[in-house]
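J.: One structure, pasted below without further comment.
Here, each number is a calculation from the coordinates, and none is a lab measurement. The structure displayed is predicted, hence computed values, not measured ones. Cβ sites come from the backbone with ideal geometry, for glycine too, and all protein chains shown count toward neighbours.
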Amino acid sequence: MAIYTPQEATLGNVEGRGYVFNSGGFPEETQCGVFFADEESTEELEALLEADEVRFEGVAYRTLKSGKIKKKIQDFVVDVKNLITVHAGERVDFVVTEEA
């Protein structure tokens, strides 16, 4: 069972579902993310692989030291790392470079 659930989000100008999450341990924690969109968005998503600055607007999950999960809607500047075709459409993996 997945810990995080994709929520409505926007990556660049593409609407879909996704989220940001903490990856790694304290204090060198990295924020990563995943975004899902329809196959019709493939060309727009491919262009984001080359873009210098891409904005992600959506939910960020943070796992607190206590083990609780906190959810907050935020904007981020991200670096798009990967685009994969999956059964539900397109999946994009990204790393947060800064909070917007």
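J.: Any idea what the relative contact order of region 1-91 is, in percent, if you count C-alpha pairs under 8 Å spaced at least 6 apart?
T.: 28 percent
J.: Determine the dipole magnitude for the chain: charges of +1 sit on the beta-carbon of Lys and Arg, -1 on that of Asp and Glu, nothing else is charged, the reference point is the Cα centre, and the result goes in debye to the nearest 20. It would help to have the intermediate numbers written out before the result.
T.: On the way: 10 positive and 20 negative charges, 203 e Å.
Magnitude of the dipole: close to 980 debye.
J.: Could you give each residue of region 31-43 its phi-based ³J(HN,Hα) in whole Hz, using Karplus coefficients 6.51, -1.76, 1.60 with θ = phi - 60°, and x for Gly or Pro?
T.: 9, 10, x, 9, 9, 10, 9, 5, 4, 5, 9, 3, 4
J.: Distance from a point 7 Å along Cα→Cβ of Glu46 to each backbone N in region 53-83: keep the residues under 18 Å and list them by number.
T.: 80-83
J.: Mind checking which of Phe35, Thr63, Leu11 is farthest towards the positive end of region 8-88's charge dipole, using Cβ charges of +1 (Lys, Arg) and -1 (Asp, Glu) about the Cα centre?
T.: Final value for the positive-end residue is Thr63.
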